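Notes for the one structure printed next.
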Ligand code: PMP
C-alpha cells in the first residue's frame, strides 16, 4: 500500500504506458544469471566491443590537464561545433552538441512536439523513439515495414499515414535493429511525399553512418531542399567506440537548433568538457582504424548470417550497416528469448521490443568466440524447442 501511495505521488501521468526497456530487462536478467554462476553469452547490447582509440584518450587527458574542466557553452564548444559543421557541410550555428545522440533526439522531440502531435515511426525502430514521443505528450504513429520490403518505409505508406497532426517523420539509416540502409532513390521517394506536406519535419538518425557495408546516403544528400526542416542526428558513440563518453550532435536549421539548446540549457547544460575535447580529436584524427574495424564488423556479419541461416527455421537477411542482425523467429519471440536465456544462457532481444514481433535482434559487436558460442548454443536450443 505504501509503495502504491509513493508510486502515485512520484510518477507523472505522462509516464503512464512506459515500460522498462526490454533491452535493459534482458541485460539485467543476464547479469543476474551470471551472478548465480551461470555461463551467459550476451549478444544483446548495441555497443562496440573495441576500445576507444588511444589518440582520443590521449587528447582527453591533455584536455583535462590543461584546464578543460569547466562548463562549456550549452550548445557545445565552438571547436567541436565547427568540426561537426565541417563534417556535415554546414555552419557551427546549425549544430548542437549533447550527451549522446539520444539526448539530441529527446531534446528535439521535447522542444517541438505538442500534446497530440503525431510522430511517424517506421517499424522496426530503435526502442527509445516511441517512448520519447510519449513522454513529450505526442503520439507515436507506428508504420509496419516488414522483411518483405527490406524493413524500409515506402512512399505510399508515408502518404497514407500523414495527417494534419503529423509533426515529424523519424528515420534511421543504417537501422537499429535491422541494419537496413535507405538508398538515395528510396530517400528521394519519401522526400517527394514530404514536399506535398510542408509542415512536417524529418529527424534522420544517422548514428551508424560510418558503419556501412554498402554506399551510405544521408537523407539530406538525397533531399537537400528539405534542409530547413530536417534534423540530422549523429555522434561518436558507435563508429569511434565512445559510448561512455556521451557525445552526440544534431545538425539542422538554426531555429530548431535554438529550441534544442533552450531545452538543454534548462536540463543538462553543456555536455562534458573533456568528452567534447575527445570527440574533437576523434573527428580530426586519422580514420584508418575506423575502416579497419568496419571491415572486421563486415566479416563478422557474413559469418553470423551464414551460421544463423544454417539453423532450420531461421531466416536472416544480410544487414547493410550497423552491427545487428534481425532474423525471423518462428515462435513467440518474447517467450523464445526468455527461454533461450534461461536454458542455454544466450541473451538476444525479442523483436517486439522494436515494434516487430516474430523476429529477434542479435548484436555482432562481440568477439568471434562469443558469437560462435552463442549461435551454436542457439542452434542446439532451437532444435529442441521445435519438438
Ligand atoms: N540512435 C540509435 C539508432 C541507436 O542505436 C543509439 C544507441 N543504441 C542511439 C541513437 C543513441 O546513441 P548515443 O549512445 O550516442 O546516445
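Where a number appears in this text, it was derived from the coordinates with a stated rule and is not lab data. This one's a predicted model, so the numbers in the text were calculated from it and none came from an experiment. We place every Cβ from the backbone using ideal geometry, glycine too, and count neighbours over all the protein chains shown.
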Original post:
For the stretch 196-274, which semi-axes, largest first and in whole Å, follow from the square roots of 5 times the eigenvalues of its Cα gyration tensor?
Top reply: 23, 21, 7
**OP:** Would you compute the Debye intensity of the stretch 14-59 from its alpha-carbon atoms alone, equal scatterers and no solvent, and pass along log10 I(q)/I(0) at q = 0.16, 0.19, 0.27, 0.29 Å⁻¹ to two decimals?
**Re:** -0.67, -0.76, -0.97, -1.04
Original post:
Out of the DSSP beta bridges found with both residues in the chain, what percent are antiparallel (nearest 5)?
Top reply: 40
**OP:** With runs of 4+ DSSP H residues as the only contributors, calculate the mean residue ellipticity of the chain at 222 nm using -39,500 (n - 2.57) per run, divided by the residue total and rounded to the nearest 500.
**Re:** -13500 deg cm²/dmol
**OP:** Send over the per residue convex hull volume for the stretch 107-203, Cα only, as a whole number of Å³.
**Re:** 88
Subject >> Extension reserve of the residue 165-residue 9 stretch, reckoned as 0.36 nm per residue once the Cα distance is removed >> reply: 53.0 nm
Original post:
Spin-label point model (7 Å from Cα, Cβ direction): what's the residue 372 to residue 255 distance in nm?
Top reply: 5.8
Subject >> Pairwise FRET efficiency - residue 54 versus residue 268, Cβ, R0 = 30 Å, nearest 0.05 >> reply: 0.60
**OP:** Take the Cα radius of gyration of the stretch 152-257 and divide it by 2.2 N^0.38 Å, with N its residue count; two decimals is plenty.
**Re:** 1.08
Subject >> Cβ-Cβ FRET estimate between residue 79 and residue 331, R0 fixed at 45 Å, reported to 0.05 >> reply: 0.30
Subject >> D_trans [Stokes-Einstein, Kirkwood Rh over alpha-carbon pairs] for the stretch 27-108, 25 °C, 0.890 mPa s, µm² s⁻¹ >> reply: 150
**OP:** Return 185, 307, 38 ranked ascending by Cβ neighbour count within 10 Å, so the fewest neighbours appear first.
**Re:** 185, 38, 307
Subject >> Kirkwood Rh (inverse of mean 1/r, distinct Cα pairs), the stretch 297-387, angstrom >> reply: 13.0
Original post:
What spacing in nm lies between the two simple spin-label points modelled at residue 149 and residue 16, each 7 Å away from Cα in the Cβ direction?
Top reply: 3.2
**OP:** Can you tell me the equivalent ellipsoid semi-axes for the stretch 66-106? Use √(5λ) from the Cα gyration tensor, largest first, whole Å.
**Re:** 18, 15, 8
**OP:** Just the number, please: Stokes-Einstein D of the stretch 69-163 in µm²/s, Kirkwood Rh from C-alpha pairs, 25 °C, 0.890 mPa s.
**Re:** 158
**OP:** Sort the stretch 347-387 into rounded, prolate or oblate with this rule: let a ≥ b ≥ c be the square roots of the eigenvalues of the Cα gyration tensor; rounded if a/c is under 1.5, and if a/c is not under 1.5, prolate when a/b is larger than b/c, oblate otherwise.
**Re:** oblate
Original post:
What are the semi-axes of the equivalent ellipsoid for the stretch 247-288, taken as the square roots of 5 times the Cα gyration tensor eigenvalues, largest first, in whole Å?
Top reply: 24, 14, 5
Original post:
So which residue, out of 317, 161, 74, gets the largest mean-square fluctuation from a GNM of the chain using Cα contacts under 10 Å as springs?
Top reply: 161
Subject >> Relative counts (whole %) of C-alpha pair distances in the stretch 1-146, using bins that are 10 Å wide >> reply: 9, 21, 29, 29, 12, 1
Original post:
Which order do 298, 337, 145 fall in if you start with the one that has the fewest other Cβ atoms within 10 Å?
Top reply: 298, 145, 337
Subject >> Per residue convex hull volume, Cα atoms of the chain, in Å³ >> reply: 161
Original post:
Compactness ratio of the stretch 259-334: Cα Rg over 2.2 N^0.38 Å, N = residue count?
Top reply: 1.75
Original post:
What is the Rg over Rh value, at two decimals, for the stretch 176-228, using alpha-carbon atoms and the Kirkwood definition of Rh?
Top reply: 0.97
**OP:** Once you have the Cα-Cα distance between residue 24 and residue 227, take 0.36 nm times their residue separation minus that, and quote the gain in nm to one decimal.
**Re:** 69.6 nm
Original post:
In the stretch 34-73, if every C-alpha pair distance is counted and binned at 10 Å from zero, what percent goes to each bin?
Top reply: 21, 26, 24, 21, 9
Subject >> Overall Cα dimensions of the stretch 279-318, principal axis frame, Å, largest first >> reply: 47, 15, 10
**OP:** With an 8 Å cut-off on Cα pairs and a minimum separation of 6 or more residues, tell me the relative contact order of the stretch 109-238 in percent.
**Re:** 22
